[in-house]
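Laboratory data are not the source of any read-out in this text; all were calculated from the coordinates shown. Please read these numbers as outputs of a predicted model, since none were measured by experiment. Glycine also receives a Cβ, built like all others from the backbone with ideal geometry; neighbour counts cover every protein chain displayed.
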């Protein structure tokens, strides 16, 4: 099978594409990799994929998802299409563009598949007749080294973007601005709160006819994207309430990555900031040499476990994460490593940072690494995808 892939200008996503390509090769398939930066025109891009049996699209904002006057660029590709949604399927609040993309997905449904890590996406897309399969994030980290017998370098670490919490609604200029803000507050109060249920409460009736269902799903996707704009503030709300534990934040204000001096800091004596890290080896080193790593999932996900947890676990590190339904499917120790409230997070931090509980923490890290290698390995996940693709 010849499989086409588009590289990404975002380093972390490009790494995923390259690792997917390598794994397809290990499983006996050839790949065609295109770099949008090196493509002179759309014709060259389409020509590159002309011989492909499948084209796998991993980036909802990539060149292949370019909107055209009468559709989207991916529709012009004659090969079968597999969309991997490791983020939300739509990265815009433009309602018209969301609806047009859903209509495009319907037009190509006979020769396409969608793989999503979010349970609600599988249900919603499937309800429109768009084939969508469940998928877990793929851990691309190999076997971890033996767990360290010496003390770790830092107590608590968070890798990602976070800024101080916001006190009032963002002025998007829509009739639902207050509702988006309330969804953000709901997640701050309970980290297992489902944002998509807030939309369902606003529009409980699911229309019977297909066009009206598609329009409702478009509004739902738009709602999620507006709420997702609060993710940085939500993470900041969690981090500022952690108490007196030393916290090391790698990233923080995303101004860093745009070459602008960051200005939004959580000002507390126990919080230290560092520039964002992108190199895989550096990230894994932080995971392995921190007593408790933290994961705070963005607001676009209600049920999915993201790859930060998987990579930390596979690297042999220990992590506490906000509670997500998918966690129970991936590991036997979901309760021990998750939190639904700030109070629960504080209790578990105090427990796992207590030197007398160090052996317990290391044992849980070992079990989690074992579970993740079993359920989320790149080889197993790609093998499952290829099996589904071969039968479509």
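Which whole-number percent is the relative contact order of the chain (Cα, under 8 Å, 6+ apart)? Mind dumping the intermediate values first?
Numbers: 635 pairs, mean separation 67.9, N = 392.
Relative contact order for the chain comes out at 17 percent.
Note the angle between two axes, namely the Cα long axis of helix 11-26 and the longest principal axis of the Cα atoms of the chain, as a number of degrees from 0 to 90, rounded to the nearest 10.
For helix 11-26, the angle is close to 70 degrees.
Compute the Rg to Rh ratio over region 1-129 from the alpha carbon atoms, using the Kirkwood formula for Rh, and round to two decimal places.
Values: Rg = 14.2 Å, Rh = 15.1 Å.
Ratio of gyration radius to Kirkwood radius for region 1-129: 0.94.
Tell me, 30, 281 in order of fewest to most beta-carbon neighbours within 10 Å? Display every interim value, and only then the final one.
On the way: 30 13, 281 7.
Listing 30, 281 from fewest to most nearby Cβ atoms yields 281, 30.
Hey, any idea what Rg/Rh is for region 177-229, computing Rh the Kirkwood way over Cα pairs? Present the calculation step by step, with values, prior to reporting the outcome.
Working: Rg = 11.8 Å, Rh = 11.6 Å.
So for region 177-229, dividing Rg by the Kirkwood Rh gives 1.02.
How many nm separate the modelled label positions at residue 27 and residue 205, each set 7 Å beyond the Cα in the direction of the Cβ?
For the pair residue 27/residue 205, the computed spacing is 4.4 nm.
Looking at region 238-319, what % of the alpha carbon pairs are farther apart than 18 Å?
Numbers: 1684 of 3321 pairs.
When every Cα pair of region 238-319 is considered, 51 percent fall beyond 18 Å.
Taking the Cβ-Cβ separation of residue 340 and residue 46 as r and a Förster radius of 45 Å, what is the calculated FRET efficiency to the nearest 0.05? Each step should come with its number before you reach the end.
Working: r = 48 Å, r/R0 = 1.06.
The calculated FRET efficiency here is 0.40.
Taking only C-alpha pairs under 8 Å that are 6+ residues apart, what is the relative contact order of region 22-149 in percent?
Numbers: 134 pairs, mean separation 21.8, N = 128.
That works out to 17 percent.
Starting from the eigenvalues of the Cα gyration tensor, five times each then square-rooted, give me the equivalent ellipsoid semi-axes of the chain, largest first, whole Å. It would help to have the intermediate numbers written out before the result.
Details: eigenvalues 238, 137, 77 Å².
Those come to 34, 26, 20 Å.
Can you work out the base-10 log of I(q)/I(0) for region 76-145 at q = 0.17, 0.18 1/Å, using the Debye formula on its C-alpha atoms alone?
Evaluating at q = 0.17, 0.18 Å⁻¹ gives log10 I(q)/I(0) of -0.66, -0.73.
Sum -39500 (n - 2.57) across every DSSP H segment of at least 4 residues in the chain, then divide by the residue count to get the 222 nm mean residue ellipticity, nearest 500. Let's see the in-between values first.
Working: 15 runs with 163 residues, N = 392.
Result for the chain, helices only: -12500 deg cm²/dmol.
Could you give log10 I(q)/I(0) at q = 0.16, 0.22, 0.23 Å⁻¹ for region 46-114, computed by the Debye formula over C-alpha point scatterers of equal weight, without solvent?
Taken in order of the listed q values, log10 I(q)/I(0) reads -0.50, -0.98, -1.08.
Taking neighbour Cβ counts within 10 Å as the exposure measure, how do 42, 267, 188, 56 sort from fewest upward? Walk me through the intermediate numbers first.
On the way: 42 13, 267 7, 188 19, 56 26.
Starting with the residue having the fewest Cβ neighbours, the order is 267, 42, 188, 56.
Taking the DSSP beta bridges in the chain as the whole, what percent of them are antiparallel, to the nearest 5?
Numbers: 2 of 42 bridges.
Restricted to the chain, the bridges split so that about 5 percent are antiparallel.
Cα axis of helix 177-189 to longest principal axis of the chain: angle in degrees, 0 to 90, nearest 10?
40
Would you work out the Kirkwood radius for region 1-68? I mean one over the mean of 1/r across all pairs of different Cα atoms, in Å.
Numbers: mean 1/r = 0.0817 Å⁻¹.
Evaluated on region 1-68, it is 12.2 Å.
Test of understanding: what is the full-extension gain from residue 357 to residue 390, defined as 0.36 nm times their sequence separation minus their Cα-Cα distance? Write down the numbers at each step before the final one.
Values: separation 33, 0.36 × 33 = 11.88 nm, distance 4.82 nm.
Taking residue 357 through residue 390 to full extension adds about 7.1 nm, to one decimal.
Can you give me the angle between helix 210-228 and the longest principal axis of the chain, using Cα atoms only, in degrees from 0 to 90, rounded to the nearest 10?
30
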